[in-house]
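As structure tokens, the structure follows; a few thoughts come after it.
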Amino acid sequence: MKKGKKLYEGKAKIIYATNDKNLVIQYFKDDATAFNNQKKSTIEGKGVLNNRISEHILSNLSQIGIKNHLVKRLNMREQVIMLVEIIPIEFIVRNVATGSITKRLGIEDGTVLKEPLIEYCLKDDKLGDPLISEEHILAFDWSTKKEIEKVKKMILRINDFMIGMFRGVGIKLIDFKLEFGRLKIDGKDEVILADEISPDTCRLWDSITDKKLDKDRFRKNLGDLIPAYTEVAKRLGILHEQSNVSAVNVTKLSSIKRKQQ
Ligand code: UDP
């Protein structure tokens, strides 16, 4: 497979064309942003960890029948994915109230929800990804009733699976963000899971101590983001001592390179 030109650069990832028109390469950057791009930084090694963690979760989801865009991981930072048309909605799934919802609705931080709550945000950085309702989605044709019904069913299965997967390794899945894309499979319109699932897009708290093992370490200046993401990867059984060492080496190598520049 040949890597072609850059098609799109987002906040945390870059998409490159390939010689197959249906496939693209997704490159995980080390850049971190928060609060609608107002806070920015580069955290060496984050992309490597997110690539591995997202690969692990998406391939496990495939095994339970959740179709998604992942074809295969290529290397430390890149994966081959199917080219889809992204539905312009961020689907937020909440099991425990924290973050924006607590401020917006005056809910006590850490309130356990009776049932998973799905919220919709319009994917538009200029507007700050505003919260929207299902009626808005249909009124402005951002998606269809049929797509939303399919997506909601997938979301509940994904949530159930991920709660169990993380619970098994001593982590509480507090909330997360999903994106879905459209594509044709054998001439049939399908909606599949896209983007990434990683500590950048989930809130993950240690089951016993409530220690934050996710991007809130960056948002709230808690520090030690890489050790937290590494901890998630280790508990999921992705990073063994050997590959952990190579992740650290990549970090060291890239900082040596930067110093030489
Ligand atoms: N999230 C995300 N990308 C976004 C917005 C939210 O991955 O652009 C994730 C976030 O990491 C958290 C969940 O979605 O796991 C809910 O985020 P919330 O709406 O509370 O946003 P925040 O408090 O970060 O503004």
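The values are calculated or read from the model by the stated rules, or taken from the named source; none is laboratory data. If you're wondering where the values come from, they're calculated on a predicted model, not measured in any experiment. Note: ideal-geometry Cβ built from the backbone for every residue, glycine included; neighbour counts use all protein chains shown. Keep in mind that these areas ignore ligands, DNA and RNA; they rest on the heavy atoms of the full protein, side chains included. Shrake-Rupley method; radii C 1.70, N 1.55, O 1.52, S 1.80 Å.
Only one residue in Ile118, Ile87, Ile92, Ile66 is aliphatic (A, V, I, L, M) and within 10 Å of the ligand (Cβ to nearest atom). Which one?
Only one candidate qualifies: Ile92.
For (1) basic (Lys, Arg); (2) under 25 Å from Leu173 (Cα atoms); (3) open to solvent by less than 30 Å² (accessible area, probe 1.4 Å), each residue gets a yes or a no:
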position: Tyr8; (1), (2), (3): no, no, no
position: Lys21; (1), (2), (3): yes, no, no
position: Ile53; (1), (2), (3): no, yes, yes
position: His69; (1), (2), (3): no, yes, yes
position: Ile87; (1), (2), (3): no, yes, yes
position: Asn95; (1), (2), (3): no, yes, yes
position: Ser100; (1), (2), (3): no, yes, no
position: Asp109; (1), (2), (3): no, yes, no
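Would you mention how many residues in region 26-43 are in a strand (DSSP E or B), more than 20 Å from Lys6 (Cα to Cα) and open to solvent by 60 Å² or more (accessible area, probe 1.4 Å)?
Qualifying residue count for the region: 2.
Which of the residues belonging to region 144-164 are open to solvent by 30 Å² or more (accessible area, probe 1.4 Å) and within 16 Å of the ligand (Cβ to nearest atom)?
Ile163
Which residue is surrounded by the fewest Cβ atoms within 10 Å (Cβ to Cβ), if the candidates are limited to region 192-215 and must be over 21 Å from Leu117 (Cα atoms) and either modelled with pLDDT under 95 or among the hydrophobic types (A, V, I, L, M, F, W, C) (or both)?
Per the stated criteria, the residue is Ile208.
Quick grid of which residues meet (1) of a type in the set (Phe, Trp, Tyr); (2) at pLDDT 95 or above:
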site	(1), (2)
Met1	no, no
Lys5	no, yes
Asp20	no, yes
Val24	no, yes
Phe28	yes, yes
Asn37	no, no
Lys40	no, yes
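What number of residues within region 122-143 are of a type in the set (A, V, I, L, M, F, W, C), part of a loop (DSSP other than H, G, I, E, B) and surrounded by fewer than 17 Cβ atoms within 10 Å (Cβ to Cβ)? It would help to see each step written out before you state the result.
Looking only at region 122-143, we keep the residues that are of a type in the set (A, V, I, L, M, F, W, C), and these are 122, 127, 131-132, 137-140, 142.
Next, from what is left, pick out any that are part of a loop (DSSP other than H, G, I, E, B): 140, 142.
Pick out the ones that are also surrounded by fewer than 17 Cβ atoms within 10 Å (Cβ to Cβ) and you get 140.
Residues flagged as of a type in the set (A, V, I, L, M, F, W, C), part of a loop (DSSP other than H, G, I, E, B) and surrounded by fewer than 17 Cβ atoms within 10 Å (Cβ to Cβ) within region 122-143 amount to 1.
Among the residues of region 1-18, count how many are farther than 16 Å from Val84 by Cα and not in a strand (DSSP E or B).
Count: 4.
Quick one: would you say Gly99 is within 16 Å of the ligand (Cβ to nearest atom) and among the small types (Gly, Ala, Ser)?
Yes, satisfied.
Would you pick out the residues in region 165-188 that are buried (at least 18 other Cβ atoms within 10 Å of the Cβ) and either of a type in the set (Gly, Ala, Ser) or under 26 Å from Leu23 (Cβ atoms) (or both)?
Phe176, Lys177, Leu178, Glu179, Phe180, Gly181
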